[in-house]
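Okay, structure first, notes after.
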Amino acid sequence: MIVFSSEFPITTHRRPKEFLQSIQKWILGSPHTSLNKSIFKEINSSKSWSLTENNETIEYIRAESSTRQITSIRYTKISDEVKWTTTASLSIEHDSWIGVRTFCESTNPGRNLPPVKKPIIIKNLLADFGGGKDGILPVQTTPHRLNNVDIDIAILLIAGGSKCYLPIVYLSAPFRSSDEHINPNTLSQDLSGMAHVVVEPNREFSIRLKQDVDSRNVYGGTAGIYWPDGGGKDSFFLGHEFDSVEQISNGIKEALRTSLISRRPLQRCTWGAAKEFSSQIKIQELKDRGSQEIQEYIDSFDQEIESKNQQIDDANKEIDRLRQEVKSQPANFVAGSGLTLHPGNEQELFPGEAKEFLIEALQSHAMNSLQKDSRKRRLLESILESNITATQTANRRKKIKNLFKGFKKITATIRSELRKLGLSINEEGNHLKISIEGDQRFKVTTSKTGSDHRGGHNIGAQINRSFF
């Protein structure tokens with residue numbers, strides 16, 4: 001089964017020979033290969049070539065015309081009852097793209113497949129060739145760091161107008177620079193050739209951006225994956241599915257990997273495309289020669305048909321994925337139901353905050369004021385039954401309650417935990433003013449020290465009433 005897939009542009013004016021040199025370095029650089037350098041001399045002089053030696057197989061196709069070139073290698077190795085097959089294809093037309101796909105199968109039904117990582121060949125190819133232009137962003141191994149004047153770029157990236165083929169991993173600015181956050185340099189290295197990593201400059205930028213993208217931007221240290229052409233986003237943040245930034249980074253990488261193998265590949269960068277193009281050229285050559293060698297015709301057509309079947313199989317997989325996506329829609333949206341709500345201009349303190357407050361309001365207020373056997377009540381009951389909300393708000397209230405239990409004075413731990421919740425503390429004389437980071441409209445003013453055994457309880461309750 002396919003376990004990895006990605007395509008990315010490289011700098012132009014690269015020859016197939018240079019591509020083969022990178023492949024050679026990758027294969028011969030493995031301590032587990034028994035192949036030697038001499039086989040690549042044979043590859044360089046051929047348009048179609050294959051070799052099997054022990055548990056390794058290399059297959060090679062090169063096809064070219066006056067306007068197009070495709071060079072593709074398929075490398076298969078069996079090790080520890082696992083069969084790994086990696087294809088790497090260089091497509092040169094008006095620009096140059098590389099596609100890498102990895103397949104993994106067990107030769108023993110009882111053997112579990114090992115964990116999958118990004119193939120090292122991608123790192124080698126980017127180091128040797130350099131990343132090309134993908135829409136408004138170049139492919140690179142370092143993060144794209146936005147400046148305060150780059151608001152228009154951020155809008156295009158989030159709204160799907162960047163013309164990028166690779167997805168965008170957008171790292172929003174945390175509430176405070178001291179807050180724990182993902183290392184963008186490490187993440188960029190890990191995702192190079194798979195996605196662009198974009199870093200937001202500061203919270204002020206995030207607040208400005210919110211107005212221009214209709215609140216679709218992630219914020220407050222949350223990471224988001226934005227898919228090309230406005231294909232939606234996935235959010236990753238602490239306190240929901242992830243307990244550390246390392247878990248968030250791993251979650252982003254796995255989400256990208258699984259999504260990219262489900263996406264239909266860029267057809268020009270596949271082994272199947274190389275076979276098809278090679279067959280087309282051979283057929284044309286036979287026609288030009290007026291060849292009557294029927295078997296050659298048949299063999300060439302068979303290869304083209306096999307390539308077409310592979311394309312059909314890829315298309316069917318994409319259709320199946322889209323069907324599953326459509327099936328998941330009713331849980332979130334019913335066409336024509338009139339339940340689409342504009343998020344308004346208030347930025348959430350954490351993803352899903354508005355939804356939790358709305359459902360809580362329905363549960364604790366609207367339901368209690370409606371007649372039990374009324375149509376209105378039944379409609380609201382149906383909505384509540386179909387929208388089981390997360391418990392972020394409840395968890396935050398509980399954390400605040402525990403944080404101020406037995407409160408005597410503000411400690412470093414209390415300051416740190418409040419910052420993680422998006423709150424800031426300012427000292428004014430004998431009082432503390434607690435507010436939302438970057439938003440001074442809502443405040444809780446309290447003494448620096450606890451007055452009695454109920455003091456901490458009252459402060460916690462006041463904070464929860466004001467913010468959660």
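The values are calculated or read from the model by the stated rules, or taken from the named source; none is laboratory data. Predicted, not measured: the structure shown is a model, and the values here were computed from it. Virtual Cβ from ideal backbone geometry, glycine too; neighbours counted across all protein chains shown. Note: areas computed on protein heavy atoms with side chains; ligands, DNA, RNA excluded. Shrake-Rupley method; radii C 1.70, N 1.55, O 1.52, S 1.80 Å.
Couple of notes before you dig in:
- At the listed q of 0.06 Å⁻¹, the Debye profile of the chain, built from one uniform point per Cα, gives log10 I(q)/I(0) equal to -0.39.
- A straight Cα-to-Cα reach below 27 Å connects Lys376 with the lysines Lys355, residues fewer than 8 places away in its own chain not being considered.
- Global form of the stretch 152-191, assessed from the alpha-carbon gyration tensor, a/c cut-off 1.5: oblate
- Estimated at the nearest 10 Å², the accessible area of Glu246 is 130 Å² with a 1.4 Å probe.
- Calculated mean residue ellipticity, 222 nm, the chain: -12500 deg cm²/dmol, from DSSP H runs (n ≥ 4) at -39500 (n - 2.57) each, averaged per residue and rounded to 500.
- Most tightly packed first, judged by the mean number of other beta-carbon atoms within 10 Å of their residues, the peptides 110-120, 137-147 read 137-147, 110-120.
- Among the listed pairs Lys37/Lys77; Lys163/Lys233; Lys253/Lys399, those beyond 27 Å (Cα-Cα): Lys253/Lys399
- Listed by chain and number, the lysines whose alpha-carbon sits under 18 Å from that of Lys401, ignoring those within fewer than 8 places in the same chain, are Lys409, Lys420, Lys433, Lys443, Lys448.
- Under 19 Å from the Ile153 label point (7 Å along Cα→beta-carbon), backbone N, the stretch 111-139: 131-139
- Electrostatic bookkeeping for Ile151 treats Lys and Arg as +1 and Asp and Glu as -1; over the other residues with beta carbon under 12 Å from its beta carbon, the sum is -3.
- Gyration tensor (alpha-carbon) shape descriptor, the stretch 1-158, a/c threshold 1.5: oblate
- Extension gain, Ser364 back to Val116 (0.36 nm per residue minus Cα-Cα distance, nm): 84.6 nm
- Prolate/oblate/rounded label for the stretch 369-425 (Cα gyration tensor, a/c 1.5): prolate
- Once the C-beta distance of Ile2 and Asn402 is scaled by a Förster radius of 60 Å, the resulting FRET efficiency is 0.80 to the nearest 0.05.
- On the beta carbon distance between Asp243 and Ser79, with R0 = 35 Å, the FRET formula returns roughly 0.50.
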